[in-house]
Structure formats: C-alpha cells, structure tokens
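One structure is given here, and the rest of the page talks about it.
The values are calculated or read from the model by the stated rules, or taken from the named source; none is laboratory data. Since the structure is predicted, the reported quantities are computational estimates derived from the model, not experimental observations. Positions of Cβ are backbone-derived with ideal geometry, glycine not excepted, and every protein chain shown enters the neighbour counts. Heavy atoms of the whole protein, side chains included, go into the accessibility calculation; ligands, DNA and RNA do not. Shrake-Rupley method; radii C 1.70, N 1.55, O 1.52, S 1.80 Å.
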Amino acid sequence: MPERRDEDAFVAFAQGARGRLRSTAYLLCGDWDRAADHVQEALIRVYVAWPRLTKAGREYGYARKALVSVVLDHARRRSSTEVVADVDASIGAGYSVDSGYDLAEQVTARAALLAVLADLPPRQRACVVLRYFEDLSVADAARALGCSEGTVKSQTARALDRLRSVFEDSPLGELTVGGGTSW
Amino acid sequence: MVNDVRALLQEAVADPPGDETDLSAVLLGGRQRVRRRRGGGVLGSTVALGVAAATLTLVTSGGADPGRVAEHRVPRPEGPVLRVSDAGTAVEGRDYDLLASYTNRDLESRNGQYFDGVTDDGLILFRDGPHGLRNRVRWALRDPATGVNDWLPDPPAGVDQPRALRLGADRLYFLATPLDGRGPFRLLVLDRATRTWSTLVWPGLPRAEEYDAAFGPDGRIYVGVQAAAASPPPGGWPTGPDGEADDAAAEDDTNDLWSVAPGDLADVRDEKTRVGVFTFTESALVWTTQRDGTREQVHVRDLRTGAEHDFDPRLGARCNVLSFRASGDRIVIGQYCGTYDDGRDDRIQVLTTDGETVTTLQGDSIDGWLADGSGDGHLVQVRAWRPDQEGDLVYDLDTDRLLRVSDSVSSWSMGGPVPAGSLLVDRAYGEDGGSSASMIPDKGAVQWLIRWRS
C-alpha cells in the first residue's frame, strides 16, 4: 500500500483529474452514471500503480489508458441479452440513425454526432474521442488503445466515414475535423 | 453549415450533471486490490493461479521492478535485421509497372470514390461512399487500362461498412459488420455472372461480438469466433519511458476456430482449435494460440494430411502480434514490441514454416504485412510513418530485396485484397504536396495500382 503522503498526492491527482476523465468516459460510453463507474474503476487501477507512476510522471496518461481499457472491457463483456441504452435518451431525442430522414430540423448537430457515436463499434468510438476530444496524436492514441498507429488511422477513418456520411446531404451540413490534423 | 467534431464533443460535455464519484470508495478499492496482489505471490498455487500468471508476465518482461520497463534502448532481434535505411529505390519500368492511379482530392469533407481492392482477374473494385444518412455504398468494377467503370447493382440495404474478404472472378465476398458490434456472422456475396446480391448467414455458427474470417485453400470460410476477451493485468500495465502505460506483451482476445461452406448454410464445422491469429498458405493452416510474444508458439497444420507441427518463433519478449499472414513456406508477422528511450520497437518478422527466421525488418513507427494474394503472395508492404523516413516500401519474399516505392503515405485508410504480384499504394494529397506529418493536412489521397516485376 502506498505511504500516507502518496495517498494524499493520489487524492489530489484524482480530484483534479476526475472531471476530465468523466467527460471522456461519457463520450466513450454515452451515459453519465456509467461514466462515473468507469472513472472509479480506472482510478482504482491508478491507485495500485501509483508509486511507479509518480516516478515517471504523466499520471494522467496512465489514468486515461486505464479508463479506455475499463470502457472497452465493459463493452466486450456486455451480455447479448442485456438491454443497454448507449446514449442518454434526452440527447438522442428526435434523432435516429435508422429512421434517417424523419429527423426533425430542430435536431442539433451535437445530438446527431452523439447518436452516431453511440452506434459505432467501441474501438472506433474510442479513436474519435481520443483524437478529437483528448486531442491525442495518432501515436499517443495508439498507446492509449494498445494498438498500432496504422490501426488507429484505419479505425478513425472508418469512424469518420460513418460520421460524415450521416451529416452529408442532411440539413445538418458538413462535418469537419479541423484543428490542423488530417484526421 | 459547417460542424466541427472537436467543438461538438466539447459542447456535449459542457454541462455535466453533478459529479458523485466517491473517492473514498476508490481508496478503499485500491487498498484492497493492493493487498490482494501482495497476497497472490505467497498464496498456494491452486488458489491464485490466474493472478500469479499475469504477474509473472510482468516480472519476466520488466525485470526487478515488475511495474517498470527495465530496458531503455530498443533491443536487436535474433537473426538478420533489415532497416528502412537499407532500402534501395524501386524504379518504374524496372521493378514495377504502374497499372492505374486515382486521385481523390477531398476525402476530408466527402468520402467520394477510391480503389477498394482488385479482383483475381485484374479489375479494380472501385468504391463510392459511404454517403448520406443511409450510409450508402456502391461499387463498380473498373478496367485499369481504360478507366471505364462498370457500376454494379446496389448492395442490400442496412449494411454497415462492408469490407471486401475475397474478390474472385466469379463472386465478390464482403464481411458485413453488425452496426452495433453484435449479431450473427454475415457475408454479402455478389454473383458476377447474374449480377445479383445475396446475404449468407449460417445458423449453426455461434454468435459473438467480434469475428475474424479468411478463406481457406479448401474453399471453406474459416471464422474466428471470439472466445475470451483479454483484461489488463492486476494493477495495470507497466510504464514506458515516456510515462505512458505500455501494454507490449499484454494478452489479447482469443477466438475459437470454426469453418463454414459458402454454398451450404447448414455446413458448419467446429475446428476445435483455439487461436489468437490465423492464416493460410496454399496447403496449410497456420495459427498462434495467443497474440503476445511471451509464451507464443506458431502451429502449422497440413490441411491435406492433418499433420501438425509447432515451433517457437522467438518473438521478442514484449511483442504483440499485429499482422499475421503466410504464403508458400514463409510466415510474415507484424509486431509491436514496446516503446523505449530511443523510440518504438516495431518489427516485421519473416520466417519459414519450420520456424527459421529469414529476416526481421525493424524500425521506429513502421507497419508491415504480407499484402498480396491468398496464400500465394510474395510482397510484404512496409509503411514507414516517421517524417524522415515516410513512405511505402516493398520487401519481396522471392528475392529478399527491400525497395522504396514512395516517399509519402496517406493518412486515409483505403484498399483491400489484391491478387499475387499486385499492390495498392496510397500517397498523401494535400496543399503542400502531401505529407501525413505536415502541418497542412492531406485532404485527399493518390492511389496507385502497381504490378511488381520479379
């Protein structure tokens, strides 16, 4: 177990990081309550690894990777019979990928994006969140996901294919990824 | 109206509900887990076998401090080693012929059209889309000599991100990924003679969240059905020199291998083999039981006689298998082997089906895979991402030569199956001439279809 002073440092880190981690978790899983559970599990993993993390610095990078792992593990383990609301009902209200053009014009681009994100396979969704919310480079996203840079590129490209195709030709307008990176 | 993904994501979390994360529960859970880990090392072997095995992986790979990567410099693999800097320059007309090229100037805002593979009889599978709310995709067969497209009938509705599995002279097969990551294994098939689509589902095949599939040399389709999902070791991964968690050598998912007959939906066979990754030569099934290198064996089964043998490929101690294909008596394994003070340890190992390493292409930020054919190819495509080495290279299994084909790589992911001796090469297309590492993004891509001269 870490010494007391390590626990103080860990608590300070956790208090500072949990908000950002929770937002990331929400974008990865689409549910604020489940996001809180995922953050709690990720922080437990960080606690266990804490002594060596503080030697190396970059504790947040470890926490983020632990969080991604927790979310992906959860997605894999979901029973096929479990009914899971992948996105807050309020967010997707009025929007459905399947219903297509029955979209009401008042549907916001944000809701549309979240609804399509919810339908992406978990790793594609994680690529989008890590690249465009966490603003990670391809190399850092690959480390966070434990895969090659090429896999991140291909998974991100597939995800953006999907996102763009929904926005294209719809009242929502064009979807861009701006910000100085190619995707 | 223009919508920016970054801005939309930020807006989505701008007004979160109250945070009820219980840090005292985190501390309690963390303390309990630390106690369990410490106890695991001294408990009897019957009680804590699983935990001990996972911890052993870290100890053997990490040295005295199980949580810290011990080595600081990229280690040299066993046997001959080739590097990107060893490559000669491929010359059009001498080493390869350019059969066709296509430039998509704006993949960023519109998917548009691009090469999606090449059929066994040499026609380009030319893809348009996906487009629109329905995610519509259509394909043409394009004559590389004339550029004329023969547009095919629209595929069945409700298909999400289909991926070419085999592009035969008689039929085209596509994997149809379930949109939500669940559902039965499903193939879309186009009969080229009748120009009709059909959807194949084998009711006897177990359902899973993920599938892997490949045609065997016997004409059956072999399907890896996810059997076990990997988990991180207790306490998480060790830390790399950059402070990031490094899961080199971590366990990955495993699959149970089944096979089905394309022409008989009742013909489903349990191959009774647990695989990490699998592939085929023209006569053999080749597989590993796991994807990590620490305890890995490569297994070879002659499909005509049933005879099996296995060997230790002598992967590095921290290598994860990222690509795995075989041809003739060669096996090509792409690996990520960890990050060190002097960069990533990426490898493409070429070895014989008897286990002898022919060579290892090693570099920082390279990917590689056997790119052509169906068990009869000979071209290993190596993609170098580091800005000072960027480009596509080809290692020819027949001649053992490594040649550079291009000096840029596209950030976009395109392409699909190609017959033996052919390659699809993607170059960046952008305002500054194109570089995936440049500050100006490569908005589009230039694709080449080349035929290799051997």
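Table for the structure above
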| item | result |
| --- | --- |
| Segment B:368-417, subset under 19 Å from B:ALA428 (Cβ atoms) and among the aromatic types (Phe, Trp, Tyr), residue least open to solvent (accessible area, probe 1.4 Å) | B:TRP412 |
| Unmet criterion (only one of (1) open to solvent by less than 30 Å² (accessible area, probe 1.4 Å); (2) within 7 Å of another protein chain (Cβ to nearest Cβ); (3) modelled with pLDDT of 80 or more) for A:GLY146 | (3) |
| Residues that are modelled with pLDDT under 55 and among the hydroxyl-bearing types (Ser, Thr, Tyr), drawn from segment B:424-454 | B:SER435, B:SER436, B:SER438 |
| Where B:ARG182 falls short, out of the listed (1) closer than 27 Å to B:THR279 by Cα; (2) open to solvent by 30 Å² or more (accessible area, probe 1.4 Å); (3) modelled with pLDDT of 95 or more | (3) |
| Any strands (runs of 3 or more DSSP E) falling wholly within segment B:353-415 and containing at least 1 residues that are within 14 Å of another protein chain (Cβ to nearest Cβ) and within 28 Å of A:VAL138 (Cα to Cα) | B:357-363, B:366-370, B:379-384, B:391-396 |
| Residue among B:ASP128, B:ASP150 that is surrounded by fewer than 21 Cβ atoms within 10 Å (Cβ to Cβ), at pLDDT 95 or above and part of a strand (DSSP E or B) | B:ASP150 |
| Candidate set: segment A:154-174, residues that are under 19 Å from the mean Cα position of the chain (by Cα) and open to solvent by 20 Å² or more (accessible area, probe 1.4 Å); chosen: the one nearest to the other protein chains (Cβ to nearest Cβ) | A:SER154 |
| Options B:ARG138, B:ARG134, B:ARG73, B:ARG94; residue that is on the phi < 0 side of the Ramachandran plot, modelled with pLDDT of 90 or more and in a loop (DSSP other than H, G, I, E, B) | B:ARG94 |
| Any chance B:ASP218 is assigned to a loop (DSSP other than H, G, I, E, B) and at pLDDT 75 or above | yes |
| Of the criteria (1) modelled with pLDDT of 90 or more; (2) more than 24 Å from the chain's Cα centre (by Cα); (3) charged (D, E, K, R), which one B:ARG68 fails | (1) |
